[in-house]
Structure formats: C-alpha cells, structure tokens
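S.K.: Attaching a single structure in structure tokens format; questions to follow.
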Amino acid sequence: ISHYGFTVDDAPFYYATYGGEFEVKVKVTGDYKARIDQAGLMLRIDHENYIKAGIEFVDGKFNLSTVVTHKTSDWSVITLDTPVPYIWIKAVRRLDAVEIF
C-alpha cells in the first residue's frame, strides 16, 4: 500500500526465479515519455513484499529511486540534475539481507 493508500500491482515485468544468496547487475535504459514511466530491477516475493530500484520519469524530471515494501512502502528518491542515457543497478542478497548499489 502506497503512502497515498494505493495498491497497484499491474506493471509488466520480466522475471526469473532464484533462491538463496545471489548477486545481480543490470543496465537500465528506457524511452521515458509519459508521467511515471520507469524501468529498473525488482526483487519480489509477492505484491506486498518487494524491493524495486530504478529510474523514474516524473513531471519532466528523472529520479533515481528505491522502494522497499513489506505490506507498506518506504520510498527513497533523488532527482537527477541531468538526464542520463542509462544506469547500472546491482543487488546483493546475503543471508537475510539485501543491498542495492
């Protein structure tokens, strides 16, 4: 559930199933045009438990963001001063912890 009380679980995503410890690194780019267009990496258990990190296009600006959801969401965001052609995201899971770089 978002800060605004929304529960939205309808975005398309490509996925693979992994368990245990892992590292993943992705290069993210997109053709951002519409408000809230976004692309990134998601570690997902279900619609109430996930982490997503990526780039969002909001009100004509690009933001780097990470959202951690465990029933409710906690969002960290920073606006980029200059648009970038791509970003790299790395996620590392060790034991019960996940780090996003």
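S.K.: Does ASP59 qualify as being in contact (Cβ under 8 Å) with a residue 12 or more places away in the chain, among the charged types (D, E, K, R) and loosely packed, with under 10 Cβ neighbours inside 10 Å?
M.R.: Criteria met by ASP59.
S.K.: Could you tell me how many of the residues in the range 41-56 are surrounded by 17 or more Cβ atoms within 10 Å (Cβ to Cβ), over 16 Å from ALA16 (Cβ atoms) and not acidic (Asp, Glu)?
M.R.: Number satisfying all stated conditions: 3.
S.K.: Do you know which residues across the range 5-51 are among the acidic types (Asp, Glu) and without any contact (Cβ under 8 Å) to a residue 12 or more places away in the chain?
M.R.: Hits for the range 5-51 are ASP10, ASP31, ASP46.
S.K.: Please enumerate the residues belonging to the range 64-89 that are more than 11 Å from the chain's Cα centre (by Cα) and in a strand (DSSP E or B).
M.R.: HIS70, THR72, SER73, ASP74, ILE78, THR79, ILE87, TRP88 - these are the residues of the range 64-89 that are more than 11 Å from the chain's Cα centre (by Cα) and in a strand (DSSP E or B).
S.K.: Being of a type in the set (Asp, Glu) and touching a strand residue (DSSP E or B) at 6+ places or on another chain (Cβ under 8 Å) is the filter; apply it to the range 60-101 and report the residue that is modelled with the lowest pLDDT.
M.R.: Restricting to residues being of a type in the set (Asp, Glu) and touching a strand residue (DSSP E or B) at 6+ places or on another chain (Cβ under 8 Å), the top hit is ASP74.
S.K.: Tell me which residues, restricted to the range 1-40, are among the basic types (Lys, Arg), at pLDDT 90 or above and surrounded by 10 or more Cβ atoms within 10 Å (Cβ to Cβ).
M.R.: Within the range 1-40, LYS25 is the sole residue that qualifies.
S.K.: Starting from residues that are more than 16 Å from ALA39 (Cβ to Cβ) and of a type in the set (Gly, Ala, Ser), keep the ones in the range 62-85 and report whichever is surrounded by the fewest Cβ atoms within 10 Å (Cβ to Cβ).
M.R.: Ranking the qualifying residues of the range 62-85, first place goes to SER76.
The values are calculated or read from the model by the stated rules, or taken from the named source; none is laboratory data. None of the values given here were measured: they were computed from a predicted structure. A quick note on method: Cβ atoms are made from the backbone with ideal geometry, for glycine too, and the neighbour counts reach across all protein chains shown.
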